[in-house]
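Please read the structure below before turning to the comments.
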Amino acid sequence: MQLKDTSEQNTNSRVIASAYGLTKSFAGKKALDNIDLEVKSGQVLAILGANGAGKTTLINILLGRLNADSGDVSVFGVKAGSLQAKRQAGAMLQVANLPETLKIKEHIQLFQSYYPHPMNYQQVINYAGLQDMQDRYSKKLSGGEKQRLLFALSICGDPKLLFLDEPSVGMDVDARQGLWQAIRDLRAAGTGIVLTTHYLEEADNLADNIVLLKQGAIIRQGSSEEIKASINQTTIRFSSDKKLSEFKQLPAVIRVKSKGKFIQLQTEDVNQTLLALLSANPNLQNLSVFSAGLEEAFLQLNGGGK
Amino acid sequence: MKTITHTLPSKQNISNTHNVNRSQTIHSSQTMNNSQTMNIMQTLNIYRLESKFEWLKSIRNPAFALPAILFPALFYIFFGVLMNQHNPQAATYLLCTYGTFGVIGPALFSFGAGLAVERGQGWLDIKDASPMPASAQIVSRLLVSMAFSMMILISLGLVAFTMTSVSLTIVQVLTLSTLLVFGGLPFCLLGLILGLLLKAESAPAVVNLVYLPMSFLSGLWIPITMLPDFLQTLAEFLPPFHLSQLALKVVGLDVGGSVTKHLAILALFTVIFFVLAMLVSNKKTIR
């Protein structure tokens, strides 16, 4: 899967939006600090970061809704937020509510009219998984259904560049899988996608490239694999009746947490920790050792130097 | 624009018809920046659909549509029919003032409260990020306000025709209707200012706080001549007073100001509201 993706992006991608040396301050406080990034067609770029790291500010600048203090921003070779850029892009932003007394199909028809080459109506409905609720008023939608409608509106223009700000908030597992599939299909069709998410599994599953933002600066950039590999952490998992705190003293352990019925240790030196762990607990149950996931990488990179 | 390096899609992609279409699009975009333009019919279609759905949105919302249409008629029945012992002159007078009261309502509420609520929800951010022309939003609300104004005037006309002995010539009816429908314009702009400034939760209450006292003080509920002198002087500074005086002029019941004066003052308010709306709107969008 990963290999196939890599081959696709090599043959078929070009830079469709870019920001170089981007800086933005609000009331003297730096929200974005010297950001360089490129969005390529047929690729998903995930922007990860804690609340207040600058994700939404970055998206708003790429949409032309905010002006950067300095730096070069270009979308399809024109100014971000210009009509020409908007007509080739789509955006799913965080919205508390939609006008309640319009039906799903009406919302979609209206947004289709904004674009010179709209996506076919049925295709929009299929991508967003709204087949069964085209006549529903947006008032009667659940949180996840609203997100699907907002996703539908973002692709009405058959965008070559798509911004998705926390798209799967409030979605159940099925809806989320459907959204992910739609994102993969759009990517395969050549759309460049910028995705912000709190949900690391989402980035891990979808992103070709991940940008890790912390306090407005990019602290790491690369594929999910590269980011995971960039930290030298290993996860040791087992089940035990002992208290969590007893494992904190083990050598090289960085973090201890309970995960379901398991206890999970993060270690910087797997041999050292395992040796100590096993000599103290020779009858350890369900022991497994695996390299750190994106979440661990995220926590380590994001937590350091605070 | 950066040079576009376009290579053929890989073998896996060719099986995907959508992808093939897309790569043609990318290919042709080297020469087709102009195809991101829209022809006049497509542009008009945006305005048509925006207005149509703005209309459906409003008419399907009973909390907006019912009071907007029914209140002026109910007020008129109460003050112009029941409280008034079949005095045709008073009924004619109040028809003009409640007509003025009626058309100001949807103008203030559609723009003021409606816009504030959608802005508060973040919905306008989505519209702002889309290529919708900003004027489509304004034009559609303007047309919907006018449509509501017409419905209000028709409902008032029905009450007057069936329950009172008001008699107007066709020319008077047409002049009054045209005057009042277009007279809502400055109030649309006032609503726009409120809609851009107010918080969603407080917007309906604040709009009422502007609407109701302003209407009363302009002599729309009870005739201006029945108000104390200092309030009559104050009314000169309120735009609804001047619109109602123009309406009353049509039936010969105004207090005697010249048409030019009333029109000039309404035009002045329109310009002031327009400039303020632009200032507020620029302040909101440039951050």
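Of the residues A:235, A:196, A:273, the single one that is crowded, with 21+ Cβ neighbours inside 10 Å and either within 27 Å of residue A:47 (Cβ to Cβ) or in contact (Cβ under 8 Å) with a residue 60 or more places away in the chain (or both) is A:196.
Take residue B:149 and tell me if it is assigned to a helix (DSSP H, G or I), small (Gly, Ala, Ser) and within 30 Å of residue A:99 (Cα to Cα). Walk me through it before giving the result.
Values: assigned to a helix (DSSP H, G or I): yes; small (Gly, Ala, Ser): yes; within 30 Å of residue A:99 (Cα to Cα): yes.
Yes, satisfied.
Restricting A:88, A:9, A:109, A:43 to residues that are modelled with pLDDT of 90 or more, over 22 Å from residue A:165 (Cβ atoms) and in the same structural domain as residue A:206 (by TED's automatic domain parsing) narrows the list to A:109.
Scanning segment B:89-136 for residues that are among the polar types (S, T, N, Q), buried (at least 20 other Cβ atoms within 10 Å of the Cβ) and more than 11 Å from chain A (Cβ to nearest Cβ) gives B:92, B:97, B:100, B:110. Only one of the numbered conditions (1) more than 8 Å from chain B (Cβ to nearest Cβ); (2) within 26 Å of the chain's Cα centre (by Cα) is violated by residue A:95, and that is (1). I want to confirm something. Restricting to segment A:81-92 and keeping residues that are surrounded by 20 or more Cβ atoms within 10 Å (Cβ to Cβ) and more than 7 Å from chain B (Cβ to nearest Cβ), which single residue is farthest from residue B:42 (Cα to Cα)? Once the filter is applied, the top-ranked residue is A:92. How do the pairs read when you match residues in segment B:246-269 that are closer than 22 Å to residue B:169 by Cβ with residues anywhere that are surrounded by fewer than 18 Cβ atoms within 10 Å (Cβ to Cβ), using Cβ under 6 Å and keeping only pairs 6 or more apart or on different chains? From segment B:246-269, the pairs are B:250/B:172; B:250/B:175.
If residue B:110 passes every condition in (1) more than 20 Å from residue B:206 (Cβ to Cβ); (2) touching a residue at least 60 places away in the same chain (Cβ under 8 Å) but one, which one does it miss? Residue B:110 satisfies all of (1) more than 20 Å from residue B:206 (Cβ to Cβ); (2) touching a residue at least 60 places away in the same chain (Cβ under 8 Å) except (1).
Taken over segment B:198-248, the criterion of being surrounded by 21 or more Cβ atoms within 10 Å (Cβ to Cβ), part of a loop (DSSP other than H, G, I, E, B) and over 21 Å from the mean Cα position of the chain (by Cα) is satisfied by B:219 alone. Annotation: of all residues in segment A:14-45 being within 14 Å of another protein chain (Cβ to nearest Cβ), over 28 Å from residue A:183 (Cα atoms) and not basic (Lys, Arg), the one that is surrounded by the fewest Cβ atoms within 10 Å (Cβ to Cβ) is A:27.
Taking strands (runs of 3 or more DSSP E) that do not extend beyond segment A:223-306, which have at least 1 residues that are small (Gly, Ala, Ser)? Steps first, answer last, please.
Details: elements: A:234-239, A:253-259, A:262-267, A:285-291.
It comes to A:234-239, A:253-259, A:285-291.
Within segment A:101-131, restricting attention to residues that are over 20 Å from residue B:48 (Cα atoms) and surrounded by fewer than 17 Cβ atoms within 10 Å (Cβ to Cβ), the residue that is nearest to the other protein chains (Cβ to nearest Cβ) is A:123.
Restricting to segment B:117-138, what's the tally of residues that are closer than 24 Å to residue A:117 by Cβ, in a helix (DSSP H, G or I) and among the hydrophobic types (A, V, I, L, M, F, W, C)? Total satisfying the criteria: 4.
Can you list the helices (runs of 4 or more DSSP H) found entirely within segment B:10-60 that contain at least 3 residues being at pLDDT 50 or above, more than 8 Å from chain A (Cβ to nearest Cβ) and crowded, with 17+ Cβ neighbours inside 10 Å? Explain how you work it out, then say what you get.
Working: elements: B:11-14, B:17-28, B:40-59.
Output list reads B:40-59.
A single member of A:210, A:193 is assigned to a strand (DSSP E or B), among the β-branched types (Val, Ile, Thr) and within 14 Å of chain B (Cβ to nearest Cβ), and it is A:193. Where strands (runs of 3 or more DSSP E) sit wholly within segment A:7-100, those with at least 1 residues that are in contact with a Cys (Cβ under 9 Å, 6 or more places away or on another chain) occupy A:89-92.
The values are calculated or read from the model by the stated rules, or taken from the named source; none is laboratory data. Here the structure is a predicted model, which is why all the values come from computation and not from measurement. Virtual Cβ from ideal backbone geometry, glycine too; neighbours counted across all protein chains shown.
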